[in-house]
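Notes for the one structure printed next.
What follows draws every value from the coordinates through simple rules; no lab data is involved. Since we're looking at a predicted model, the values are computed, not measured. Note that each Cβ is placed from the backbone with ideal geometry, even for glycine, and that neighbours are counted across all protein chains shown.
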């Protein structure tokens, strides 16, 4: 397992169906070992700026990157849909 459970990671890819973008931060909540020849993956929980869950997604390990000390967190608006 490359990433520790409950660690925070950055997305290396956009996830348009959840309005998530490369660089958004998520928390690892589950590890999925791939079958033979398959890449492992993770279930991730994504929170808004006040700690509310906005999405739970599953991505491959190669779609994630660790956070680093030279990175800056940034707040952006999450697209909203008209009711």
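Below, the figures for the structure above:
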read-out	value
Protection proxy ranking of 56-65, 69-78 - average other beta-carbon atoms within 10 Å, highest first	56-65, 69-78
Contact order relative to length of the chain, as percent, for alpha carbon pairs under 8 angstrom and 6 or more apart	26 percent
For region 43-83 and region 1-35, distance of Cα centres in Å	8 Å
Kirkwood-Stokes translational diffusion coefficient of the chain, alpha-carbon pairs, 25 °C, 0.890 mPa s, µm²/s	182 µm²/s
Listed peptides 43-51, 7-15 by packing density, highest first (mean Cβ within 10 Å)	7-15, 43-51
Distance in nm between pseudo-label sites at residue 29 and residue 78 (7 Å out along the Cβ direction from Cα)	1.2 nm
